[in-house]
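Colleague: One structure, as structure tokens, below. Some questions next.
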Amino acid sequence: MAEAKAPTSQPAHSRPLSPHLQIYRLTWTMVMSGMHRATGGALYIGTLLLVIWLVALATGPRAFDRVQWFMGSWLGYLILFGYTWALLHHMMGGLRHFMWDFGKGFEPKERLMLAKGSLVASAALTLLVWVVGLSLS
Amino acid sequence: MSQFKFSIRTPAGRVRGLGSARSGTEHFWLQRLTAVANVPLAIAFIIIVVSVAGRDFEEARLAVGQPLIAILLLLFILSGVIHMRIGMQVIIEDYVHSEGAKVVAVMANTFFAVAIGAAATFAVLKIAFGI
Ligand code: HEM
């Protein structure tokens, strides 16, 4: 890129360079790309929770009860719910990546369907996990 | 090399290993490999967490200590930690442009991943061996 020379004269048709604020349009695939990164980052932080829980379980009943107390609070549940959704959403995004790696699913209609489909699927799966989980406990 | 005007190294050979990550496609491939492994392991992990969530200390320890559950957890920790380390490195390389800060961030990322991995592995083994 460093060697690329800037055009010396104005090209015949000056084309808009992307991103161009006046014609910028947010698309589903752009949002989902950002969401994959955001959920990946959230899972990175969320992994700390898993480790704290495991280490507390390994340490003893008092440490474990303290962690369980937090996890059982509304904030704890909210974080756990968010973690499950982030994981499932990121997983659906990963499945889309696998498909693209094989060169499939790039048509405009397919892209849109995959983007919307993975949003719906991750929300549905998260609800399913929690309905089953809460009815079991 | 300095006494020669021309190098016999090909242009590709000269830049190989000099990308922002100082490596080639290994990270891309490892990211896919761990992502594939993560699919069944994450599903198993969610089922384990949901079924252990409401339990008290003794019950949770018994559940996590079962060989099959402990092994699945250890595999998810291994695959997940490698995956999240490379994934975060990509994010750092995209947003942190000054060389010094980038090196520090990539290093801190590795330390975090290794620490998380070691702590979780130790905890699962301690529980599973009933120590
Ligand atoms: C559930 C199974 C999972 C699958 C199928 C999966 C799949 C993927 C794939 C394919 C990528 C590469 C995306 C790209 O090349 O742009 C990726 C990136 C990433 N993943 Fe995962 N992943 C999973 C679980 C996780 C977990 C558990 C974590 C964290 C603890 C995580 C953190 C990340 C991060 C931080 C990135 C980088 C995001 C980016 O570059 O925008 N993933 N994942």
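The values are calculated or read from the model by the stated rules, or taken from the named source; none is laboratory data. These figures come from a predicted structure and were not determined experimentally. Backbone-built Cβ (ideal geometry, glycine too); neighbour counts: all protein chains shown. Note: accessible area is taken over every heavy atom of the protein model, side chains too, but ligands, DNA and RNA are not part of it. Shrake-Rupley method; radii C 1.70, N 1.55, O 1.52, S 1.80 Å.
Colleague: Relative contact order, percent, of the range B:25-129 when contacts are C-alpha pairs under 8 Å separated by at least 6 residues? List each step's numbers first, then the result.
Modeller: On the way: 66 pairs, mean separation 37.9, N = 105.
The normalised contact order for the range B:25-129 reaches 36 percent.
Colleague: Roughly how crowded by other chains is peptide B:116-127, in terms of the mean Cβ count from those chains within 10 Å of each of its Cβ atoms?
Modeller: Going residue by residue through B:116-127 and averaging, the value is 4.
Colleague: Something else about it: Output the relative contact order of chain A, whole-number percent, from Cα pairs under 8 angstrom with separation of 6+ residues.
Modeller: 28
Colleague: Within chain B, which DSSP H helices have Cα atoms that stretch 18 Å or more along the helix axis and a mean Kyte-Doolittle hydropathy of at least -0.5?
Modeller: B:26-52, B:67-95, B:99-128
Colleague: Which of the trypsin sites (Lys or Arg not before Pro) across the range A:22-67 are loop residues per DSSP, with 12 or fewer other Cβ within 10 Å?
Modeller: A:Arg25
Colleague: Rank these residues by their accessible area, most exposed first, probe 1.4 Å: A:Ile45, A:Ile79. Don't skip to the answer; put the middle values down first.
Modeller: Numbers: A:Ile45 110, A:Ile79 65 Å².
Per-residue accessible area, sorted high to low, gives A:Ile45, A:Ile79.
Colleague: Same structure again: Give the carbon-plus-sulfur fraction of the accessible surface of the range A:28-136 in %, rounded to a whole number; probe 1.4 Å, heavy atoms of protein chains only.
Modeller: Carbon and sulfur together cover 77 percent of it.
Colleague: Suppose only helical runs count, i.e. DSSP H with n ≥ 4. What mean residue ellipticity at 222 nm does that imply for chain B under -39500 (n - 2.57) per run, divided by all residues and rounded to the nearest 500 deg cm²/dmol?
Modeller: -26500 deg cm²/dmol
Colleague: Quick one: compute a quarter of the convex hull surface over the Cα atoms of the range B:25-129 and quote it in nm².
Modeller: 7.6
Colleague: Now for a separate question. Taking chymotrypsin sites (Phe, Trp or Tyr not before Pro) as exposed when DSSP calls them loop (any state but H, G, I, E, B) and at most 13 other Cβ atoms lie within 10 Å, what is the longest stretch of chain A free of them, the sites themselves excluded? Walk me through the intermediate numbers first.
Modeller: On the way: sites that count: A:Tyr24, A:Phe102, A:Phe106.
In short, A:25-101.
Colleague: Separate question: Are there any chymotrypsin sites (Phe, Trp or Tyr not before Pro) in the range B:39-131 that are in a DSSP loop and have at most 11 other Cβ atoms within 10 Å? List them by number. Mind showing how you got there, number by number?
Modeller: Details: sites: B:Phe45, B:Phe57, B:Phe76, B:Tyr95, B:Phe111, B:Phe112, B:Phe122, B:Phe129; in loops: B:Phe129.
Those satisfying the criteria are B:Phe129.
Colleague: Residues of the range B:81-112 with amide nitrogen under 16 Å from the 7 Å Cα-to-Cβ point of B:Leu30?
Modeller: Answer for this model: B:81-93, B:106-112.
Colleague: Give the average over all directions of the projected area of the C-alpha convex hull of chain A, one decimal, in nm².
Modeller: In nm², the orientation-averaged hull projection of chain A is 14.4.
Colleague: Another question, if that's okay. Hey, can you list the residues from the range A:56-73 whose accessible area shrinks by 20 Å² or more with all protein chains present, relative to the chain by itself (probe 1.4 Å, no ligands or nucleic acids)?
Modeller: Residues shielded by partner chains are A:Leu57, A:Ala58, A:Pro61, A:Phe64, A:Gln68.
Colleague: Sticking with this structure for a sec: Taking Cα atoms of the protein assembly as shown, Rg/Rh with Kirkwood Rh, to two decimals?
Modeller: Here Rg/Rh amounts to 1.07.
Colleague: While we're on this one: Tell me, what % of the accessible area of chain B is carbon and sulfur with a 1.4 angstrom probe?
Modeller: Here it works out to 73 percent.
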